[in-house]
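To start, the structure itself, in structure tokens.
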């Protein structure tokens, strides 16, 4: 692709371009591919130097040039003077924000795939993954029932999917170059809709810059990632970017009951649509009935009152259902399809995943790793136990991630100790931190440690919970959910809460 084509829509501060001391026009430079990692550069590439959280790509410009880069886009014009590029026969392009430039160039390189797709973004602290899976199921059933050509792509925490084809993911929202490639691949494979989780990091880091979302959902906002954002206001403003950038023909869907739900749409140009349990919302739920097997509620939309039943569990999943149904209705999907989809939806791994074994306690695997998510999970368990018969105690196994927001650790400890009858504090993904220090941070929020057990080894912690549990108890194993690894130091070690439970219960039979 010609450089002149790649630079469409790019705001440039300065261009220095010579070849053997003579200026040449952009259309003369043929670009092989775009890279932001100097290790992947080959001859003829365009290299974008971006500032990461740990590594500054500007430091690797010499490596990129040594590997044959023909063009470098950068934002720091002080590290390497113009003559450095002249002697290397390389075009130098200075921009205000190289992350934004990467997003622009990546979209151009892959021929603007997002413009050919109906893009649906979901942001918020909790509920993003489940909401995207619910909506994916509804749209797929709609497409089948109406004989509409087109598949549904999904980008998120657990995996990237095109219908049932899975592509593993390591970030909630990929870097802009990988994201544009993924969207192009989705389009080539027949996708018509793409539903994606949009993280606060991706919004601040311009990974989704230039993508026109037709629909955007806000789930909720509670303390998380404050090590990165600094405080809740910065975290909120990061999420708000998604809605501020919507065009007037788009739809902004928000949680009416969340304290940030209305404010996050304050400056959007899009049509607003609210969901919640409050009758003031455009769509709301009432008469909620919960068990460990399913969830039932009445859905109100205008004059319609619809009976909903779903294998999803918990009041928080009422919100997730309402968020997904809101977009489905805005897409023009009939209630018959929505009802069927919610009733038959396949459960999401590690999201209030209930495991039942003969002569064993009920075990719930959940990704809850924030104070709010833990509180919602535990209150759901408590509500079901209170309403049911012959249930025993709540036992929680949990920890907190290392090298991440430390402020939430004592709050997590406080929440668990107040709602659980017993708890085992253990490791999550300690990464490069001392696991014992993380546990100490958690314990600092617990005033009475009488019913608290400490076990650094996560497998032994789960084993401890099973040892002290009676058959009518409920064990919540929180923090890792779908993850099949544990990060200790710099190493990813194979580890699955689900597999550990199965092996321990099998051993005890």
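The values are calculated or read from the model by the stated rules, or taken from the named source; none is laboratory data. Values in this document were obtained by computation on a predicted structure and should not be read as measured data. Cβ coordinates were reconstructed from backbone atoms using ideal geometry, including for glycine residues, and neighbour counts include every protein chain displayed.
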For residue 61, state whether it is over 30 Å from residue 376 (Cβ atoms), out of contact with any helix residue (DSSP H, G or I) (no Cβ under 6 Å at 6 or more places or on another chain), at pLDDT 95 or above and surrounded by 15 or more Cβ atoms within 10 Å (Cβ to Cβ).
yes
Given the conditions (1) out of contact with any helix residue (DSSP H, G or I) (no Cβ under 9 Å at 6 or more places or on another chain); (2) within 30 Å of residue 238 (Cα to Cα), every one holds for residue 298 apart from (2)
How many residues of region 63-78 are in contact with a strand residue (DSSP E or B) (Cβ under 9 Å, 6 or more places away or on another chain), more than 18 Å from residue 34 (Cβ to Cβ) and without any contact (Cβ under 8 Å) to a residue 40 or more places away in the chain? The answer is 1
For residue 406, the lone unmet condition from (1) outside the structural domain of residue 258 (by TED's automatic domain parsing); (2) assigned to a helix (DSSP H, G or I); (3) surrounded by fewer than 23 Cβ atoms within 10 Å (Cβ to Cβ) is (2)
Tell me, yes or no, whether region 365-373 has at least one residue that is under 28 Å from residue 493 (Cα atoms), touching a residue at least 60 places away in the same chain (Cβ under 8 Å), touching a strand residue (DSSP E or B) at 6+ places or on another chain (Cβ under 9 Å) and assigned to a helix (DSSP H, G or I). yes
How many residues of region 195-204 are in a loop (DSSP other than H, G, I, E, B) and at pLDDT below 95? The answer is 1
Selection from region 228-284 of residues in contact with a strand residue (DSSP E or B) (Cβ under 7 Å, 6 or more places away or on another chain) and at pLDDT below 95 yields none
Screening 323, 400, 368 for residues that are buried (at least 24 other Cβ atoms within 10 Å of the Cβ) and assigned by TED's automatic domain parsing to the domain that holds residue 139 leaves only 323
Of the candidates 464, 460, the one satisfying the condition of being buried (at least 19 other Cβ atoms within 10 Å of the Cβ) and over 27 Å from the mean Cα position of the chain (by Cα) is 464
For region 267-292, the count of residues that are touching a residue at least 24 places away in the same chain (Cβ under 8 Å) and surrounded by fewer than 15 Cβ atoms within 10 Å (Cβ to Cβ) equals 3
Per the list (1) out of contact with any helix residue (DSSP H, G or I) (no Cβ under 9 Å at 6 or more places or on another chain); (2) surrounded by fewer than 20 Cβ atoms within 10 Å (Cβ to Cβ); (3) part of a loop (DSSP other than H, G, I, E, B), residue check on residue 436 breaks on (3)
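A quick yes/no check of all residues on (1) part of a strand (DSSP E or B); (2) modelled with pLDDT under 95; (3) over 28 Å from residue 268 (Cα atoms):
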| site | (1), (2), (3) |
| --- | --- |
| 122 | yes, no, no |
| 132 | no, no, no |
| 157 | no, yes, no |
| 161 | yes, yes, yes |
| 173 | no, yes, no |
| 193 | yes, no, no |
| 216 | yes, no, no |
| 222 | no, yes, no |
Filtering strands (runs of 3 or more DSSP E) wholly in region 1-120 for at least 1 residues that are over 30 Å from residue 228 (Cβ atoms) gives 14-16, 71-74, 91-94
Across region 288-333, the tally of residues that are within 26 Å of residue 368 (Cβ to Cβ) and assigned to a strand (DSSP E or B) stands at 10
